[in-house]
Amino acid sequence: MKRRIFLKGSLAAGAVSVAAGAGLLMPQQVLAAWPKAAFEAKSIPDALTALMGSGDTTTSDKIKIKAPDIAENGAVVPITVESSMEGIESMAIIASANPVPLIASFSLSGSAKGFVSTRIKMGKTGDVIGVVKAGGKLYSASKGVKVTIGGCGG
């Protein structure tokens, strides 16, 4: 059995080596840029400035946030942010009550639909804020989510 495992491992390593040697695997192109300062910022304006170049947002009714009114488990809160704006460049999800408010950032191409959906972790009750960058300006909408402990309303 050990010989089979060795042969399988050798074959896989050989295939990866050939692909890398042929230029098919280029880690610098595969790895995305990591906005470290934005994800370490302790305030919403600081996070937005580091991520999108400005901390000023305008409230918009063209952004819809779908989130539960009461989340029984703060470790898994389903969130959907959708926008009907034209020319969306990026979208971000922020949990205002978290120690590090920036949860997620999505870069979109000009032809992409303004729709993102994910599950986030919320430490306590607070607002979920969807931020959309379109036409070089920032727009936002928010929705309050009450986080309960074990579904007891606490």
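The table below lists the values:
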read-out	value
The chain: relative contact order in percent, alpha carbon pairs under 8 Å with at least 6 residues between	24 percent
Set Lys36/Lys137; Lys42/Lys137; Lys64/Lys143; Lys62/Lys121 screened for pairs whose C-alpha atoms are more than 20 Å apart	Lys36/Lys137; Lys42/Lys137; Lys62/Lys121
Sum of side-chain charges, Glu86 neighbourhood, beta-carbon under 13 Å (Lys, Arg +1; Asp, Glu -1)	+3
Square roots of five times the Cα gyration tensor eigenvalues for the chain, Å	37, 23, 14
Estimated 222 nm signal from helices in the chain, with DSSP H stretches of n ≥ 4 weighted -39500 (n - 2.57), rounded to 500	-7000 deg cm²/dmol
Ranking of Val76, Val131 by count of other Cβ atoms within 10 Å, fewest first	Val76, Val131
Å³ per residue enclosed by the Cα convex hull of segment 76-149	76 Å³
In Hz, Karplus ³J(HN,Hα) per residue of segment 124-136 (6.51, -1.76, 1.60; θ = phi - 60°; x = Gly, Pro)	7, 4, x, 8, 9, 10, x, 10, 10, 9, 9, x, x
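Quick note: the coordinates plus some simple rules give every number you see, no bench work behind them. Since the structure is predicted, the reported quantities are computational estimates derived from the model, not experimental observations. In this analysis, Cβ positions are derived from the backbone assuming ideal geometry, glycine residues included, and neighbour counts consider all displayed protein chains.
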